[in-house]
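The values are calculated or read from the model by the stated rules, or taken from the named source; none is laboratory data. Owing to the predicted nature of the structure, the values given are computational and were not obtained by experimental measurement. Note that each Cβ is placed from the backbone with ideal geometry, even for glycine, and that neighbours are counted across all protein chains shown.
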Amino acid sequence: MSDPPLDFPITATGLVRHFGPENNRVKAVDGVDLHVSAGEIFGFLGPNGAGKSTTVRMLTTLLKPTAGSATVAGFDVVTQADRVRRSIGVALQDAAIDPLMTGNELLELQAVLYGIPAAAVRRRADELLERVGLTAAADRRVGTYSGGMRRRLDLALSLIHQPTVLFLDEPTTGLDPMSRITLWEEVRRLNREGTTVLLTTQYLEEADQLADRVAIIDNGVIVQQGTPTELKAAVGAPSLLVSVGLPGGAAQVTDVVRALDEQGVKIQHLELSEPSLDDVFAAATGHRLEGAGTGTEPATDHEGAPAVKRRGRR
Ligand SMILES: Nc1ncnc2c1ncn2[C@@H]1O[C@H](COP(=O)(O)OP(=O)(O)OP(=O)(O)O)[C@@H](O)[C@H]1O
Ligand SMILES: [Mg+2]
């Protein structure tokens, strides 16, 4: 790890992956360009089948591109696949794990696979188990773990060789809100320690909360890219929705409120409506992410209830 730090630990240029015969071609990834900066959490946001996993599989050397090129940690994913593999940690969406093995056994196996010296294996495994909060469950069979425990074990396994670049494919899909937040905190902590993270997600809230920059992918193509704030600002300015109801509601917020007040109108309910990443997605693609845009806050919103209700535009 004596190499100078790279500005862009992950790059892709015109990355393409097609599947199937010519007359029935699936263009899973269809020309993706990426520059992920060192020390960044980069979110890859898209609905089912958008091409997220296919992109991750190419960047992590598990799948050869049909066309285009990519580098990870400064190495070409095709011609220097071994070097790439040694630099990265990967937690795949569909990792097959033997349910009869314990967390401990899996970590030890992973350590051996990565050539960690036998004398160091136990200490490293214990450190990681502690880190992801699985110490007490270390000797239980993985088949008995909950979804959240499995995801935390996947994360620990991906960290065994202290990678500088981490790929997490839908790390929180299927997790309850508390487990999701625990995992977010762990990802943030790793990132603070210097790990560059690319994670995929179907959750707008997750991209918004966790990612420094977001690429929105749909049908194998990146349709928008930027910080969550930039992306939302590009869709439109926030607006204030005022609903007027029964008298008795307290109101002294803005000029608008005052003006209404002067007219003798009592404000009972205020809603601040600002563009969400779903609005960005809809503006770019003409359709909405599955399950989004219902006008209700997702259950994952944990920052405490805002004084003024926020919601995406419908
Ligand atoms: N091995 C394969 N053979 C044929 N088609 C494939 C293969 N892998 C992926 N695809 C197709 O490529 C497209 C993109 O799939 P991909 O798994 O990358 O999507 P995704 O964004 O990860 O979706 P999800 O959120 O459901 O995980 C889909 O249409 C999928 O059916
Ligand atoms: Mg996927």
Find all pairs meeting these conditions: Cβ atoms under 6 angstrom apart; at least six residues apart or on different chains; first residue within region 4-26 and free of Cβ contacts under 8 Å to residues at least 24 places away in the same chain; second residue part of a loop (DSSP other than H, G, I, E, B). Val26/Gly20
Counting only strands (runs of 3 or more DSSP E) entirely within region 1-105, those with at least 3 residues that are more than 16 Å from ligand 2 (Cβ to nearest atom) are 10-19, 26-36, 67-72
Taking region 150-167 only, how many residues are of a type in the set (A, V, I, L, M) and modelled with pLDDT of 95 or more? 2
Condition met for Thr196 (surrounded by 24 or more Cβ atoms within 10 Å (Cβ to Cβ), polar (S, T, N, Q) and under 10 Å from the mean Cα position of the chain (by Cα)): no
Provide a single number: the residues in region 74-123 that are of a type in the set (S, T, N, Q) and under 19 Å from Leu134 (Cβ atoms). 3
Inside region 57-93, the number of residues satisfying the requirement of being without any contact (Cβ under 8 Å) to a residue 60 or more places away in the chain, within 16 Å of ligand 1 (Cβ to nearest atom) and either touching an Asp or Glu at 6+ places or on another chain (Cβ under 9 Å) or not assigned by TED's automatic domain parsing to the domain that holds Ala137 (or both) is 3
Going by the conditions given, is Gly174 farther than 30 Å from Thr71 by Cα, surrounded by fewer than 18 Cβ atoms within 10 Å (Cβ to Cβ) and within 16 Å of ligand 2 (Cβ to nearest atom)? yes
(1) under 17 Å from Gln225 (Cα atoms); (2) surrounded by fewer than 22 Cβ atoms within 10 Å (Cβ to Cβ): which one isn't true of Gly43, the others all being true? (2)
Taking region 105-125 and keeping only residues that are crowded, with 16+ Cβ neighbours inside 10 Å and either among the small types (Gly, Ala, Ser) or closer than 24 Å to Thr172 by Cβ (or both), one is left with Leu106, Leu107, Gln110, Ala111, Ala125
